Amino acid sequence: MQVEVLTDEDGLKGAWFAATIIEPSGEDKYLIEYLSLRNDDDTEFLREIIRACNIRPCPPEIIVVDGFKVWDAVDAYYNEGWWVGVIAKVLINSNYEVNFIEYDKTTFNQAELRPHQDWLNGKWVVP
């Protein structure tokens, strides 16, 4: 089953990464394999045991027809994961400046952004 995983790793906190659940691994834990993160020697995809509370289904796709607006909450695909941010500035050619809570502003193309959604009580909610 393909899912997204929230990691506690330094430098990656707050980002959701695509993964596949391999098998249960004890009570409320699962062995997962990331779809984009590699092990230290880059020979295979990283596998990790993750608590169930840090796993969610992949969010449904929301088509953004008219682009984003300032203050829209978004997820930006950056460093192999989805990071929560806010549109700080609308630029030309479908580019946006995104503000992150713990990181500097970065520019993204609309193709690298998706509307932010929260997984609450078994349902996807748009803030």
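Hey, does the range 7-15 have a residue that's acidic (Asp, Glu), in contact (Cβ under 8 Å) with a residue 40 or more places away in the chain, surrounded by 14 or more Cβ atoms within 10 Å (Cβ to Cβ) and over 20 Å from residue 127 (Cβ atoms)?
No: zero hits.
Which numbered condition in (1) surrounded by 17 or more Cβ atoms within 10 Å (Cβ to Cβ); (2) farther than 30 Å from residue 1 by Cβ; (3) out of contact with any Ser or Thr (no Cβ under 8 Å at 6 or more places or on another chain) is the only one that residue 96 fails?
Of (1) surrounded by 17 or more Cβ atoms within 10 Å (Cβ to Cβ); (2) farther than 30 Å from residue 1 by Cβ; (3) out of contact with any Ser or Thr (no Cβ under 8 Å at 6 or more places or on another chain), only one is false for residue 96: (3).
Conditions (1) open to solvent by less than 60 Å² (accessible area, probe 1.4 Å); (2) among the small types (Gly, Ala, Ser), marked per residue:
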residue: 59; (1), (2): yes, no
residue: 69; (1), (2): no, no
residue: 74; (1), (2): yes, no
residue: 111; (1), (2): no, yes
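Would you call residue 83 open to solvent by 30 Å² or more (accessible area, probe 1.4 Å) and hydrophobic (A, V, I, L, M, F, W, C)? Full working, then the answer.
Values: open to solvent by 30 Å² or more (accessible area, probe 1.4 Å): no; hydrophobic (A, V, I, L, M, F, W, C): yes.
Spelling it out, it is not the case that residue 83 is open to solvent by 30 Å² or more (accessible area, probe 1.4 Å) and hydrophobic (A, V, I, L, M, F, W, C).
Where the second residue is among the hydroxyl-bearing types (Ser, Thr, Tyr) and the first is assigned to a loop (DSSP other than H, G, I, E, B) and lies in the range 60-86, which pairs have Cβ atoms under 6 Å and are six or more apart or on separate chains?
Note: pairs meeting the criteria are 68/96; 80/36.
Check whether at least one residue in the range 40-57 is surrounded by 13 or more Cβ atoms within 10 Å (Cβ to Cβ) and hydroxyl-bearing (Ser, Thr, Tyr), and report yes or no.
No, the range 40-57 contains no residue that is surrounded by 13 or more Cβ atoms within 10 Å (Cβ to Cβ) and hydroxyl-bearing (Ser, Thr, Tyr).
Which of the numbered conditions does residue 20 fail, given that it passes all the others? Conditions: (1) farther than 23 Å from residue 102 by Cα; (2) touching a residue at least 24 places away in the same chain (Cβ under 8 Å); (3) not acidic (Asp, Glu).
(2)
The values are calculated or read from the model by the stated rules, or taken from the named source; none is laboratory data. None of the values given here were measured: they were computed from a predicted structure. Neighbour counts run over all protein chains shown; Cβ positions are idealised from the backbone, glycine included. Surface accessibility is based on the protein's heavy atoms, side chains included, excluding ligands, DNA and RNA. Shrake-Rupley method; radii C 1.70, N 1.55, O 1.52, S 1.80 Å.
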